[in-house]
Amino acid sequence: MHKVVQNADEAIRGIQDGSTLMLGGFGLCGIPENCISALVKSGVKNLTCISNNAGVDDFGIGLLLQSKQVKKMISSYVGENAEFERQLLTGELEVELLPQGTLAERCRAAGAGIPAFFTPAGYGTEIAEGKETREFHDKQYIMETAFESDYAIVKAWKGDTDGNLIYKATARNFNPMMAMAGKITIAEVEELVEPGELDPNFIHTPSIFVNRIFQGTHYEKRIEQRTIR
Amino acid sequence: MLTKEQIAKRIARELKDGYYVNLGIGIPTLVANYVPDTINVTLQSENGLLGMGPFPSEDELDADLINAGKQTVTTLPGSVFFDSATSFAMIRSGRVDLTVLGAMEVNDQGDIANWKIPGKMVKGMGGAMDLVASAQQIIVAMQHTNKAGESKLLSKLTLPVTGLGCVKKIVTNLCVIDVTPRGFELRELAPGVGVETVKNATAGKLVIEGEIPEIQF
């Protein structure tokens, strides 16, 4: 059970035209930069991407949109990406927008062996169209199903060669649930260490969920809204 | 008329000691600047931070530490990070006491629209649909009219709805309104604004009873 791969190109091996991918991150925070670059380089097409945001025009998933490699995006907020909005409004890109908590829970459910759940978010709105609704304790809920994803690509701060992961600050966001939810989970980390070097008390993602891991390089960690006191 | 800062300042008066509060992007974010010194309020940012601190200094700047508006922020003693599923568990289970958010339209039943203008603008709902479906109390901070001068307080929404019957209070540049089963109940007027001005700027059912006091800060 050897999980360590040398680099992003090796990590994304097997991702084909038409694959469904989960990509961790919130905005540009905690995104798998190395794997996104490798996907752009690979030229793989017709991807379905599940990710809270779509990056900005020239960074993050925005790079995959620029090169027209994405067929469908499943996201909650896409406001920072003009190219995304253009492709959406012209119909070049298929988009499913979901409440952010529903997006997170559909990932978590997938990773937890739960096929569906009921949430109040979106009841009475257009996102409830075609979905089963049910009343519990005098409140209306809609049924949402677990995502199915061929690959989950996450970014962690530290990882060990067994695949245990620790995230930093708010770069955690969707990464832990996505790590649980991929048929194959790929983790890129800033620092890869030997088993035993991470304190078991502070591991966020247990190794069992991770299939491939590598230490990334040249993290840009671009800041979207640089706000200073 | 109130400035954006004054709208935020008025909303800050609704905060109570011990509240967990989620502030949306725009005017709501400014509410954090007016939390009274006499109370403790914990800010929840849905990207995974409870106990959000002020913007960082140059030295403290950390790309891995942002709020839901993607702005760099800091932590405070007692702050905690968590994943998005845990964040929305807090929200859906009703543990966030107050949500303040912006809106494109609100109707007199408390329905809100703020995520999409069909054919023109699609930004997405982000966490707004989860928040409005579950927060204990929801206050909308917005301008009373849109850029074309049309009322944003309607009897019927024209834009896709974000949540039904959830808005309890609205603070605009003109006034403070409570949304009750009777409609938009006018509670307070901004300095220099008369009842007629609010009437003319409100398309939905407006309820005016007795003398309406001026907003006190």
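What follows is calculated from the coordinates using simple rules that are stated; it is not laboratory data. What you see is a predicted model, and the numbers here were worked out from it, not measured in a lab. Using ideal geometry, Cβ is built from the backbone for each residue, glycine included, and neighbour counts are taken over all protein chains shown.
Structural remarks
- Inter-chain Cβ neighbour count for B:54-65, averaged per residue, equals 5 (cutoff 10 Å, partner chain atoms only).
- Take the convex hull of the alpha carbons in chain B; its mean projected area over all directions comes to 12.8 nm².
- Fraction of beta bridges assigned by DSSP in chain A that are antiparallel (%, nearest 5): 30 percent
- Mean separation of Cα contacts under 8 Å, 6 or more apart, over the residue count of chain A: relative contact order %: 23 percent
- Candidate lysines for bridging to B:LYS205, where Cα separation is under 22 Å - those fewer than 8 sequence places away on the same chain excluded: B:LYS147, B:LYS152, B:LYS156, B:LYS168, B:LYS169
- Over the Cα atoms of region A:1-107, the radius of gyration divided by the Kirkwood radius equals 0.96; this is the Rg/Rh ratio.
- Each Cα pair under 8 Å and six or more residues apart adds its sequence gap; the mean of these over the residue count of region A:113-197 is a relative contact order of 28 percent.
- In terms of its C-alpha gyration tensor, the protein assembly as shown has a prolate overall shape, because the principal axis ratio a/c (a ≥ b ≥ c, square roots of the eigenvalues) is not below 1.5 and a/b outweighs b/c.
- Highest-first arrangement of B:123-130, A:65-72, A:95-102, where packing means the average Cβ count within 10 Å: B:123-130, A:95-102, A:65-72
- Backbone N atoms of region A:1-39 closer than 14 Å to the 7 Å Cα→Cβ label point of A:GLU92 are not found in any residue.
- Within 10 Å of the Cβ of each residue in A:22-30, the mean number of Cβ atoms contributed by other protein chains is 4.
- The gain in end-to-end length when the A:LYS139 to A:ASP17 segment is fully stretched comes to 39.7 nm, 0.36 nm per residue minus the alpha carbon separation.
- Extending 7 Å from Cα along the Cβ direction at B:GLU150 and again at A:LYS41 yields two label points whose distance is 5.0 nm.
- DSSP bridge analysis restricted to region A:99-229 gives an antiparallel fraction near 45%, rounded to the nearest 5.
- Total charge dipole magnitude, the protein assembly as shown, about the Cα centre, Cβ charges on Lys, Arg, Asp, Glu only, Debye to nearest 20: 740 debye
- Distance (nanometres) between label positions extended 7 Å along Cα→Cβ at A:ARG226 and B:LYS120: 3.4 nm
- Taking the fewest neighbouring Cβ atoms within 10 Å as the starting point, the ordered list for A:ARG13, A:ARG212, A:ARG108 is A:ARG13, A:ARG212, A:ARG108.
- Loop-resident GluC sites (Glu not before Pro) (DSSP state other than H, G, I, E or B) in region B:113-207 with no more than 12 further Cβ atoms inside 10 Å of their Cβ: B:GLU150.
- Taking the DSSP bridge list for the protein assembly as shown and keeping only pairs wholly inside it, about 40 percent are antiparallel.
- Average other protein chain Cβ within 10 Å of Cβ, residues A:65-78: 2
- Max mean-square fluctuation residue, GNM over chain B, Cα-Cα springs under 10 Å, options B:VAL171, B:VAL207, B:VAL122: B:VAL122
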